[in-house]
Amino acid sequence: MVIAIGSDHAGADLKRELAAFLEGNGISLIDAGPNGSASSVDYPDYGEKVSLLVSGGQADRGVLICGTGIGMSIVANKFPGIRAALCGEPLSARLSRQHNDSNILVLGGRMIGPVMAREVLQVWLNTAFEGGRHAGRLMKITNIEEKTSKDEPRQA
Ligand code: RB5
């Protein structure tokens, strides 16, 4: 499995830890940056890089980290085929895989400690999509995505 990982400055320390953890477990990694937390960077830039790697198929899945995880979630879910899930504990991580087939895990670097983050990541990596009734729901999301990309902005 190839994982793309990216962050902003607020997530860079946790990104370094998780990247080392993933590589230590033999997972191929594409590190989309940034290198270190010294300078302030904009989360949409790194969210875009990782989302494109996943939606384009160069990476199987992605991990994104900003301060809260909220900005990265907003960015990643703009991209076709991306199902990004912000998870703060293992149950959400597990269900985001089983029910939503999440392909980007988002973490809040200022919200979660490194031990919990590793546990969340491990559960997320090792849980399969259940398919069945959930597959039809994902198809509906894909249909919405396709309609929305062609439509003029519309009212609810
Ligand atoms: C950066 O200060 C912070 O706004 C960012 O990391 C993130 O939390 C945005 O959602």
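The values are calculated or read from the model by the stated rules, or taken from the named source; none is laboratory data. These figures come from a predicted structure and were not determined experimentally. We place every Cβ from the backbone using ideal geometry, glycine too, and count neighbours over all the protein chains shown. The accessibility values were calculated without ligands, DNA or RNA, using every heavy atom of the protein model including side chains. Shrake-Rupley method; radii C 1.70, N 1.55, O 1.52, S 1.80 Å.
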Point to revise | Cβ-Cβ under 8 Å pairs, at least 6 apart or on other chains, the range 99-114 side within 15 Å of the ligand (Cβ to nearest atom) and basic (Lys, Arg), far side at pLDDT 95 or above and in a loop (DSSP other than H, G, I, E, B) | key: ARG110/GLY67; ARG110/THR68
Check your understanding: What number of residues within the range 97-115 are within 16 Å of the chain's Cα centre (by Cα), part of a helix (DSSP H, G or I) and over 16 Å from ASP60 (Cβ atoms)?
Key -> 1
Review point. Of the residues in the range 115-141, how many are touching a residue at least 40 places away in the same chain (Cβ under 8 Å) and exposed (fewer than 12 other Cβ atoms within 10 Å of the Cβ)?
Key: 0
Review point. Which ones in the range 1-39 are under 19 Å from ILE74 (Cα atoms), in a loop (DSSP other than H, G, I, E, B) and of a type in the set (Gly, Ala, Ser)?
Key: ALA32, GLY33
Check your understanding: In the set ASP13, ASP45, which member is open to solvent by 40 Å² or more (accessible area, probe 1.4 Å), within 15 Å of the ligand (Cβ to nearest atom) and touching a residue at least 60 places away in the same chain (Cβ under 8 Å)?
Key -> ASP13
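Residues are listed down the side, and each one gets a yes or a no for (1) more than 13 Å from the ligand (Cβ to nearest atom); (2) open to solvent by 80 Å² or more (accessible area, probe 1.4 Å); (3) under 21 Å from ALA128 (Cα atoms); (4) in contact (Cβ under 8 Å) with a residue 12 or more places away in the chain:
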{"position": "ILE30", "(1), (2), (3), (4)": "yes, no, no, yes"}
{"position": "ARG61", "(1), (2), (3), (4)": "yes, no, yes, yes"}
{"position": "ILE65", "(1), (2), (3), (4)": "no, no, no, yes"}
{"position": "VAL75", "(1), (2), (3), (4)": "no, no, no, yes"}
Study note, to complete from the structure: The one condition GLU146 fails out of (1) more than 27 Å from GLY33 (Cβ to Cβ); (2) in a loop (DSSP other than H, G, I, E, B); (3) of a type outside the set (Gly, Ala, Ser) is (2)
